[in-house]
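The values are calculated or read from the model by the stated rules, or taken from the named source; none is laboratory data. These figures come from a predicted structure and were not determined experimentally. Neighbour counts are summed over all protein chains in view; Cβ atoms, including those assigned to glycine, are modelled from backbone coordinates with ideal geometry. Only protein heavy atoms, including side chains, enter the accessible area calculation; ligands, DNA and RNA are left aside. Shrake-Rupley method; radii C 1.70, N 1.55, O 1.52, S 1.80 Å.
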Amino acid sequence: MAERHTIPARKGLALRVKKGQRYKVVNTHGTQIVDHWAFNADDIKEFMSMEHCRVAIDKLSPAIGDAMVTNKRRPIITLLEDTSPGVHDTLVAACDIHRYRQLGAKDYHDNCTDNLSNAMKAAGLTVPETPCPFNLFQNTQYVPGKGIQYLPTVSKPGQYVVFRAEMDAVVVFSACPQDMLPVNSGAPTEAHVETM
Amino acid sequence: MAKGKLIEIPARQGKAAFVKKGQKIKVINTHGTQVVDTWAFNADDLREFMSMEHVRVWIGRYRAKKGDALITNKRRPILKWIEDSSPGVHDTMMAACDRYRYQLLGCKTYHRNCNDNLWEAMIEAGYHISETPSPLNLWQNTPVESAGKIGQYPTVSKKGDYVLFRAEMDLVMAFSACPQDIMPINSKSPKSAHFMVA
C-alpha cells in the first residue's frame, strides 16, 4: 500500500525503506528542489556519495536505470522513473547557515544541512557528516563565460522521480528553503514522498 | 617564494604537513604524468576542511584554477591558488580512489589507494580525521564531455610543472600520489611528486 508523506516547506523528512522497496518523490508544486540523501540503515557511516556516483555512472547525473552508489561504491538506490525533464544536480553542496550569512541573512535561516541533521534526529539517528546531496529538480547549469547559473526548475506540478532501495536504507529529503536565489522560484514549497 | 625543504610524496603513497597561515605551498608534478590528490584541513578543527562541493559554488565553476580562493565546508577561504605553470587541467568532481574502487576494477588483493593514503599520512603527521572529503585532484584530466559524460585521460602537464597555494589559515595539507594504474589517468605508471612549504 502506498503511503504519502509530506516534506514540509523549508523542512526535512527521514524515512526508513526496505531493500527492494520503491519510493516516489513528487514535485507537488513543480518549482521545488528536493535535496536527497540515503544512508545504509545498518551502518550510518555508509551513505550515497555524489563524488562516488559520478565515477560509477561516468557522468554528471544519472539516467533511468542507473544505480547511485555509496562511499563504499555499493548501489544504494536505483533511478527507475522520471516524469520531469530529467534536470537534477550532483555538484552543489547543501545550503547551510554560512551560505545564507554570505547572501546577507542577518538571522537564522532554515537550511538543508540543518534539515538533514534534524530529520535524522527525529528518526533517532545522528548524521555522521553532511554528504553532498543529490539535488532533485535543481537546475544549475554551467554557462561558458557566465559560470554556474542558478535557474528556476524546469519541472511541472506533480512531476516525480521513482527510486528503488538496493539495501535497507534511511532516505532523507529537504524541501530546500533557498529564497535568496531563484532556484525555488523565490517561494519554497512543500513536496511529497510516496513509499510503495 | 622563499626556499623550503623539498618533501617527497613517494609513488603510490601519501604525505601530510602542517602549514602556518600566510605560508606558501608549492606542489610539483616532478614527472609530469602524475595526479596528486590534495586535501586541506583547518589545523584547529579537523572537521572543517576544503570541500569541493562548496568550492564549486564559491567559484561558480566546476574546475578550480589560479586566482581562486578554495573554501571549506564552513565556506571560509582555506587556500588561495596563486600560480599554476601547467595548462590548468585539474578535477573537483571525482572521489578519491579506495579499496572498493580497485575491487570493482578486478583487483583480488589489496591495492594502495588515495583514501588510505590520506588517513595514513594524517596519522603519520599526528592528526586524526573523521571523514574523507572529496579531494582536489591536481592534474587529473577527467573533463565533462558531451551529454555530461566524464572522460578519463592522461595528464596534460609537463615534467616539473607546479602549482602554488597560500594558506589562509593554519592548516594541515595532505597529498596522495595517486596509485591508479588500471585507468589511464597516471599514464598507467604511478610516480612520485614533491612539495615544499615556505
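What the phi angles of segment A:150-164 give under the Karplus curve with 6.51, -1.76 and 1.60, with θ = phi - 60°, is a coupling list of 9, 10, x, 4, 10, 8, 10, x, x, 5, 8, 10, 10, 10, 10 Hz, glycine and proline written as x.
Its Kirkwood hydrodynamic radius, worked out from the mean inverse distance over all distinct Cα pairs, puts the protein assembly as shown at 21.4 Å. A 1.4 Å probe run over segment A:129-194, with the rest of the protein chains in place, finds 33 Å² accessible per residue. Enumerate the aspartates and glutamates that residue B:80 could reach by cross-link, defined here as Cα to Cα under 16 Å, with residues fewer than 8 away along the same chain left out. In chain and number order, the partners are B:68, B:168, B:170. With the Cα gyration tensor of chain A giving a ≥ b ≥ c as the square roots of its eigenvalues, does the rule (a/c under 1.5 for rounded; else a/b larger than b/c for prolate; else oblate) give rounded, prolate or oblate? Judged from the Cα gyration tensor, chain A comes out rounded (a/c under 1.5). The accessible area of residue B:74, taken with all protein chains in place and a 1.4 Å probe, comes to roughly 80 Å². The solvent-accessible area of residue A:74, taken with every protein chain present and a 1.4 Å probe, is close to 110 Å². Starting from the Cα gyration tensor of segment B:1-99, take the square roots of the eigenvalues, sort them a ≥ b ≥ c, and report rounded, prolate or oblate (rounded when a/c is under 1.5, otherwise prolate if a/b is larger than b/c, else oblate). Since a/c stays below 1.5, the shape of segment B:1-99 is classed as rounded. Neighbouring Cβ atoms from other chains, within 10 Å of the Cβ of residues in A:36-42, number 0 on average.
Among A:126, B:155, the order of accessible area from largest down is A:126, B:155, computed with a 1.4 Å probe on protein heavy atoms. Once segment A:1-65 is represented by equal point scatterers at the alpha-carbon sites, with solvent omitted, what log10 I(q)/I(0) does the Debye formula produce at q = 0.25 Å⁻¹? Results for segment A:1-65 at q = 0.25 Å⁻¹ read -1.36.
Report the accessible surface area buried between chains B and A, summing both sides, using a 1.4 Å probe on protein heavy atoms only, in Å² rounded to the nearest 100.
Values: alone 9120 and 8950 Å², together 15420 Å².
It comes to approximately 2600 Å² buried between B and A.
Computed on segment B:91-198, with alpha-carbon pairs under 8 angstrom and 6+ residues apart, the relative contact order is 26 percent. Note: relative contact order over chain B, using C-alpha pairs below 8 Å and six or more positions apart, is 45 percent. Near residue B:190, once Lys and Arg are set to +1 and Asp and Glu to -1 for all other residues with Cβ below 9 Å from its Cβ, the sum equals +3. With an 8 Å cut-off on Cα pairs and a minimum separation of 6 or more residues, tell me the relative contact order of chain A in percent. For chain A, the relative contact order is 46 percent. For the protein assembly as shown, the 222 nm mean residue ellipticity estimated from helices alone, with every DSSP H stretch of n ≥ 4 adding -39500 (n - 2.57) and the total spread over all residues, rounds to -3500 deg cm²/dmol. Across q = 0.11, 0.19 Å⁻¹, chain B modelled as identical point scatterers on its alpha-carbon atoms has Debye log10 I(q)/I(0) values of -0.44, -1.45, in the order of the q list.
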